[in-house]
Amino acid sequence: MDTFVEQVQATGWAAPAAWTAILATLVSAAALLGLHVVSPELAPSWRMVSEYANGRYPALLTLTFLAWASASFALIAALWPLHETLLGKWALALLLVGGVGQTMGGLFDINHKLHGPAAMIGIPALCAACVLVTLAMARRTDIAAPPLWSAHLPWIAFMTMIVALMLFFGALKAAGVEMSRDAAPLTALPAGVSGYVGWANRLLFAASYLWVILASLRVLHAARVGQG
């Protein structure tokens, strides 16, 4: 603990928290990849990540979400000097809201009524946080910002997912699939219907993983330079 305090006081950037964010991101990514191996019955092309809750290893999905959230919370600590400006305050606040949404996604699975609100809270907040945090970092002289394209990639993936979801639902409706709330879950796609919403959903996870790691690496570099 003393070493952590000394590092923060010396540089302003918390390297241990950045390492924690990287580790949590890698754990989340590994758990998500593991779900594809242990639940091959859920086609990744049209099944959302949250649908793994209905697979054989729902605990692995919970780990995916909670580790994802831990990365966001750790990154807030790593980037705490950003709170000195109004833009930085908003950026960190959005990252906090994103982490809360990610946590809710892990605690309340797709079968829970709070899972939808968790996604609507967490995903937009996280996407906005990636951009604002990057801009706040770019305005400082004691740390380099991650590439701007990496900050935009999450919201681009999110919008791609929304469009893919609308097209998918439209194709299912045209094929005569009942879309009511009480309809039984699909076990297979109707003939002539193809879906890519699952890949778009996974792109969102990958984009956020990439940004967190790049931002954390910038913190590690700034902390190293500050100590030098």
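The table below lists the values:
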| item | result |
| --- | --- |
| GNM top mover of Ala171, Ala74, Ala188 - the chain, alpha-carbon springs below 10 Å | Ala188 |
| With DNA, RNA and ligands ignored, accessible area of Met120 (1.4 Å probe; Å², nearest 10) | 120 Å² |
| Only Lys, Arg (+1) and Asp, Glu (-1) charged, at Cβ; the chain dipole about Cα centre in debye | 280 debye |
| 10 Å Cβ shell holding at most 15 others, DSSP loop, GluC sites (Glu not before Pro): longest site-free stretch of the chain | 42-177 |
| Helix axis angle, 115-138 relative to the chain longest principal axis, alpha carbon, degrees | 30 degrees |
| 0 to 90° range, to nearest 10: angle between helix 148-174 axis and the chain longest Cα axis | 10 degrees |
| In degrees, nearest ten, helix 58-78 long axis to first principal axis of the chain (Cα) | 30 degrees |
| Summed side-chain charge close to Ala222 - residues other than Ala222 whose Cβ falls under 15 Å, Lys, Arg +1, Asp, Glu -1 | +2 |
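The values are calculated or read from the model by the stated rules, or taken from the named source; none is laboratory data. Predicted model only: the values in this text are computed from it and were never measured. Counting neighbours? That spans all protein chains shown, and the Cβs are built from the backbone with ideal geometry, glycine included. With ligands, DNA and RNA removed, areas are computed over all heavy atoms of the protein, side chains included. Shrake-Rupley method; radii C 1.70, N 1.55, O 1.52, S 1.80 Å.
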